[in-house]
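Enquirer: This structure is in structure tokens; I'll ask about it shortly.
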Amino acid sequence: MEILFVLIALAGGVCGILALLRLRDITQRLSSVERELRRMRISENEEQTRAVSGYAEQTKPPAERPLSGEPKPADFPSATAPLPPTETTTPSQPQFFGRAEPAARRREPEKTLREQLSSFEVTVGSKWLNWVGIVLVTIGILFFLKFAYDNQWIGPRGRIAIGAILGASALLLGERARRRDYPILFHTLTGGGLAAFYGCIFFSFQIYQLTGQTASFLLLILVTALALAMSVVHDAPLICLFGQLGGFLSPVLISTGENRPVELFTFVAILNLAAVGCAYAKNWRHVNVVAFAGTWLLYAGWAANFYDDAQLRVALFFSSLFYLMFLIVPALRAAVRREPLEAQELWLIAANTTVEFANNYSLLFSNYRPWLGLAVIVQALTLSALYAYWARRCPEDSNTRITLLFGALALVTVAIPIQLRQYGIPIAWALEAVLVGFIGVQYRQWVFQFAALVAIILAALGLLVRLPLHSELFTPILNRPFGSWATVIAMSFALYALFRRRSGSLDEVLKTAAPVPLALAVVLLCALIHMEIAAFWDVRRTIWPSGTALSHQYTSLIILWSAIPLIFLALGRQGILRYSVYAALIGYAVGLLVLLTGAVGGAWIPWSVPFLNPQWLSRFIFVVSLWIGANWMRAVPDRPGKGERSDELLAAVEGAGHTILVCLLYVEVDTWVSGSNVFSSFMRSGFVSALWSVQALALIAIGLGTRNQFRRIFGFILFGVTVAKLLLIDMAILQPVYRILSFAATGVLLIVAAYLYQRFAKALLESNPDQPRAVSGSAS
């Protein structure tokens, strides 16, 4: 009986509303007619204005126009000349760069204070008072009903009936307001009536238990359908929003705590289809946004409270259904009309892709990880299929195609670490980079070109996060980590070769980033060889003496970093490698860092034979590499700086080699004397002075032979440092015999240097065009 009573109360109001919806609104027709009349009047006035302007031009011959600012008789109209009607004349148009400014570009006159106050008054009177009044009346009615309920004047059935009557009355009054062209009042009353219906159904089911769940659910569907139908018929998107909110709240309002996902998500899918129909018919973009938010909120609420592994299939099916729905829905109207998608639809597609990936990850990662990679790949293929369709359907819409491509590529990139393990991840990213890069240059798609750069950078990062390269004994080169690094390096070189060969197909912005794969490949290759050598000796410290293994390690690394800069410069001289000088300078900086680290870290051990041992010879090879590198830099076309700046750079590199050799001589003598039982520690300083003098003499001789002033000056400076050392240090610590030998040897070498300079300087320097004449004269 109670159910019948409620159904009759609600059905009566609904039937009345449906009957009213079938009537055509006479006021709406009259409004359309008035708009058409106003448009006709405006067009008629514009035609009259153009006629008047043409008439004025005809009554003013060009020959009679004045050539100066003085008025002429022709400027004044004659008494017999016909004049246009005064009521149709218009003020002259403002000048815009010498021509009349178009009417579309005229500024609207600024509103006066009175007009602004009037507009504010209309807003307050038509909108604010309306909303406030409705709210106050509603509160008053609620207070009255509460008072009546508290005093038991009205029972549960009566309360539901009153609510249904109030809802139906609000809908009727709203319809009347719409007919009288009061849109704000129409929306307010209609929304309040729909809310009253939803509230009645909720109280009837949850509070008073007057209706069962099935009946309540059907009533909620009926109210939601009514709201959507009214919104479409009356072109009222706000009513559609009310219906959507009520529809998504319906499962919450009549929930009994039971886990029934099939019924729940079937209702949500039907509701979304109805909302999509409204959005398609009226082009209401916000409807899709509300549907998306409501759907995934309900899904998340169900998953948080009821999901378990037994319902995996149901969860995946409906999540995939919703994903396809919100992937197709935003593009449906645009695809039919071949129109580009707006930014709101593109954001909805991106958000839908992200939510679907997050949902699949939460469902499958823990217990079904292999299936997760497959799900992500299927999701990416779906985006790719939509991209292919959209490229044919609306080829001028580049924003949509870019969004779909980015989504597909991002999903493929994310699927790689999900599906693979260890070094398979960076290898797959590197292969993806080459494949995507080839597609990008082949079809001139900057999205693929950019994705290729991102993928190769991810591959490099994937290698770095898996360091150290080795932790156990291994076979050099023939091992899995080395092969993995080598594969990524090869793919980086391949991508650079592809970009260089097809540079004309690259996007203008990405042309500056084209050398990135080459730089990445070079850095990774140098790091790989360095780490392979270092790890080879590190893992052998347990079977070799620690000091010996460490010395061999740094000896090998210094030889490596002596060769790498020369390789860069050789490629630069051939024009193969750009910025080879910068690369060589970085290589020398790394080599110097390795040399200093080894000296401080105890890698310098005493050997029985000084200078003729791998330890010192490797350091001397680095010095020789600096000298050769400084010479080769002169033949590199793109060396930094020109003229004096370039010469200063080359002199700095060569000077670094001479300075390092000075230090190496001292360290080798000090280490050898300290570990020797033959020579006294006092002889250390004498040997160093003698070796420095020999180096200074050799620099002066080479400077004279090569006509290089820098080398001669460096030799003079080194002789000065040696003499200062003799006077300040050797005299204080050396015994008389060693002091005599040290001073005598250094003096003899100075005399020899002076003789050579006087003997050959004039002949060698006269033919040097860069040598000043004053220097030649002083030398003689």
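The values are calculated or read from the model by the stated rules, or taken from the named source; none is laboratory data. Predicted, not measured: the structure shown is a model, and the values here were computed from it. Cβ sites come from the backbone with ideal geometry, for glycine too, and all protein chains shown count toward neighbours. The protein model used for the area step is the full one, side chains on, heavy atoms only, and it has no ligands, DNA or RNA in it. Shrake-Rupley method; radii C 1.70, N 1.55, O 1.52, S 1.80 Å.
Enquirer: Taking the highest mean first, how do the peptides 562-573, 351-362 order by number of other beta carbon atoms within 10 angstrom per residue?
Expert: Packing proxy ranking, top to bottom: 562-573, 351-362.
Enquirer: Also, I was wondering about something else. Rounded to whole Hz and in sequence order, give me ³J(HN,Hα) for segment 278-295 from the Karplus expression 6.51 cos²θ - 1.76 cosθ + 1.60, θ = phi - 60°, writing x for Gly and Pro.
Expert: Ordered by residue, 3J(HN,Hα) equals 5, 5, 5, 5, 10, 6, 9, 6, 5, 5, 5, 5, 5, 4, 4, 5, x, 5 Hz.
Enquirer: Students often get this wrong: which residues of segment 711-730 have the backbone nitrogen under 14 Å from the point 7 angstrom along Cα-to-C-beta of residue 674?
Expert: none
Enquirer: By how many nm would the segment from residue 281 to residue 627 lengthen if fully extended, with 0.36 nm per residue of separation less the alpha-carbon distance?
Expert: Details: separation 346, 0.36 × 346 = 124.56 nm, distance 7.92 nm.
Using 0.36 nm per residue and subtracting the Cα-Cα distance, I get 116.6 nm.
Enquirer: Continuing with the same structure: Pull up all non-local amide H partners of residue 211: gap of 5 or more, or a different chain, and H-to-H distance under 5 Å with H placed in the peptide plane.
Expert: Long-range HN contacts for residue 211: 205.
Enquirer: Then there is this: Per residue, how large is the accessible surface of segment 420-561? Use a 1.4 angstrom probe and give square angstrom. Walk me through the intermediate numbers first.
Expert: Values: 6890 Å² over 142 residues.
Each residue of segment 420-561 exposes 49 Å² on average to a 1.4 Å probe.
Enquirer: Can I ask one more? With all protein chains present, calculate the accessible area of residue 716 using a 1.4 Å probe and round the result to the nearest 10 Å².
Expert: For residue 716, the solvent-accessible surface is approximately 100 Å².
Enquirer: Then there's this: Calculate log10 I(q)/I(0) of segment 497-607 for q = 0.13, 0.15, 0.23 Å⁻¹, where I(q) comes from the Debye formula with a single equal point scatterer on each Cα and nothing for solvent.
Expert: Those come out to -0.61, -0.74, -1.23, one per q.
Enquirer: Set the Förster distance to 22 Å, then compute FRET efficiency between residue 713 and residue 599 from the Cβ-Cβ distance, nearest 0.05.
Expert: Step by step, r from the Cβ atoms, then E = 0.20.
Enquirer: Rounded to a whole number, what % of the accessible area of segment 526-662 do carbon and sulfur atoms account for, probe 1.4 Å?
Expert: Values: 4410 of 6360 Å².
Looking at segment 526-662 in its full context, I get 69 percent from C and S.
Enquirer: Based on the Cβ-Cβ distance of residue 37 and residue 635, what FRET efficiency does E = 1/(1 + (r/R0)^6) give at R0 = 60 Å, to the nearest 0.05? List each step's numbers first, then the result.
Expert: Values: r = 87 Å, r/R0 = 1.45.
Rounded to the nearest 0.05, the efficiency is 0.10.
Enquirer: Also: Give me the distance in nm between label points sitting 7 Å out from Cα along the Cα-to-Cβ direction at residue 540 and residue 222, one decimal.
Expert: 9.0 nm
Enquirer: I need the peptides 516-523, 473-480 ranked by packing, meaning the mean over residues of other C-beta atoms within 10 angstrom, with the highest value on top. Display every interim value, and only then the final one.
Expert: Numbers: 516-523: 19.6, 473-480: 11.4.
Averaged packing, sorted descending, gives the order 516-523, 473-480.
Enquirer: Counting every Cα pair in segment 186-271, what percent are over 16 Å apart? Provide the component values of the computation, followed by the final result.
Expert: On the way: 1817 of 3655 pairs.
Of all Cα-Cα pairs in segment 186-271, 50 percent lie more than 16 Å apart.
Enquirer: Give me the percent of accessible area attributable to carbon and sulfur for segment 258-400, probe 1.4 angstrom. Don't skip to the end; give the middle numbers.
Expert: Values: 4510 of 6990 Å².
Of the solvent-accessible surface of segment 258-400, carbon and sulfur hold 65 percent.
Enquirer: Ordering 533, 576 by how much accessible area each has at a 1.4 Å probe, largest first, what is the list?
Expert: On the way: 533 40, 576 95 Å².
If we order 533, 576 from most to least accessible, we get 576, 533.
Enquirer: Right, here's the next one. Compute the normalised compactness of segment 422-561: alpha-carbon radius of gyration over 2.2 N^0.38 Å, N being the residue count.
Expert: It is 1.24.
Enquirer: Same structure again: Which value, in debye to the nearest 20, gives the size of the charge dipole of segment 316-441 about its Cα centre, when Lys and Arg are +1 and Asp and Glu are -1 at the Cβ?
Expert: Working: 8 positive and 7 negative charges, 44 e Å.
Charge dipole, segment 316-441, about its Cα centre: 220 debye, nearest 20.
Enquirer: What does the net charge come to around residue 556 if you take all other residues with beta carbon closer than 15 Å to its beta carbon, with K and R at +1 and D and E at -1? Numbers along the way, then the final one.
Expert: Details: positive: 540, 541, 619; negative: 532, 538.
Once all neighbours under 15 Å are counted, the net charge is +1.
Enquirer: Give the peptides 411-421, 216-226 in descending order of average Cβ contacts within 10 Å, highest first. Could the numbers behind the result be given before it?
Expert: Details: 411-421: 18.2, 216-226: 20.4.
Ranking the peptides 411-421, 216-226 by packing returns 216-226, 411-421.
Enquirer: Per residue of segment 483-499, what does 6.51 cos²θ - 1.76 cosθ + 1.60 with θ = phi - 60° give for ³J(HN,Hα)? Whole Hz please, x for Gly and Pro, Karplus curve as stated.
Expert: Values, residue by residue: x, 5, 4, 4, 5, 5, 5, 4, 5, 5, 4, 5, 5, 5, 4, 5, 5 Hz.
Enquirer: Rounded to whole Å and ordered largest first, report the semi-axes of the equivalent ellipsoid of segment 509-548 derived from its Cα gyration tensor (root of 5λ).
Expert: Working: eigenvalues 283, 7, 5 Å².
Sorted largest first and rounded, they come to 38, 6, 5 Å.
Enquirer: If you don't mind, another one. So what's the net charge close to residue 440: Lys and Arg +1, Asp and Glu -1, counting the other residues with Cβ under 15 Å from its Cβ? If you can, show how the numbers build up before the last one.
Expert: Details: positive: 401, 444, 500, 501, 502, 511; negative: 432, 507, 508.
Neighbour charge sum, excluding residue 440 itself: +3.
Enquirer: Can you compute the radius of gyration and Dmax for segment 343-491, using only the Cα atoms, both in Å?
Expert: Taking only Cα atoms of segment 343-491, I get Rg and Dmax of 17.5, 60 Å.
Enquirer: How high is the FRET efficiency from residue 728 to residue 666, r the C-beta distance, R0 22 Å, rounded to 0.05? Mind showing how you got there, number by number?
Expert: Values: r = 15 Å, r/R0 = 0.70.
After rounding to 0.05, the efficiency reads 0.90.
Enquirer: For segment 402-491, what's the relative contact order in percent, using C-alpha pairs closer than 8 Å and at least 6 residues apart? Write down the numbers at each step before the final one.
Expert: On the way: 76 pairs, mean separation 28.3, N = 90.
With pairs under 8 Å counted, the relative contact order is 31 percent.
Enquirer: Based on the alpha-carbon gyration tensor of segment 358-416, what equivalent-ellipsoid semi-axes (square roots of 5 times the eigenvalues) come out, in whole Å, largest first? List each step's numbers first, then the result.
Expert: Values: eigenvalues 148, 17, 12 Å².
Rounded to whole Å, the semi-axes are 27, 9, 8.
Enquirer: Would you kindly state how much longer the chain becomes between residue 179 and residue 501 on full extension, computed as 0.36 nm times their sequence separation minus their alpha carbon distance, in nm to one decimal?
Expert: Numbers: separation 322, 0.36 × 322 = 115.92 nm, distance 7.06 nm.
Difference between extended and current length: 108.9 nm.
Enquirer: Got a number for the accessible area of residue 511? Probe 1.4 Å, square angstrom, nearest 10.
Expert: Number for this one is 80 Å².
Enquirer: With θ set to phi - 60°, apply the Karplus curve 6.51 cos²θ - 1.76 cosθ + 1.60 along segment 405-418 and write out the HN-Hα couplings as whole Hz, x wherever there is a Gly or Pro.
Expert: 3J(HN,Hα) across segment 405-418, in whole Hz: 5, 4, x, 5, 5, 5, 5, 5, 5, 6, 5, 4, x, 6.
Enquirer: Using 0.36 nm times the number of residues separating residue 443 and residue 471, minus their current alpha carbon distance, what extension gain do you get?
Expert: Numbers: separation 28, 0.36 × 28 = 10.08 nm, distance 4.49 nm.
5.6 nm is the gain from fully extending residue 443 to residue 471.
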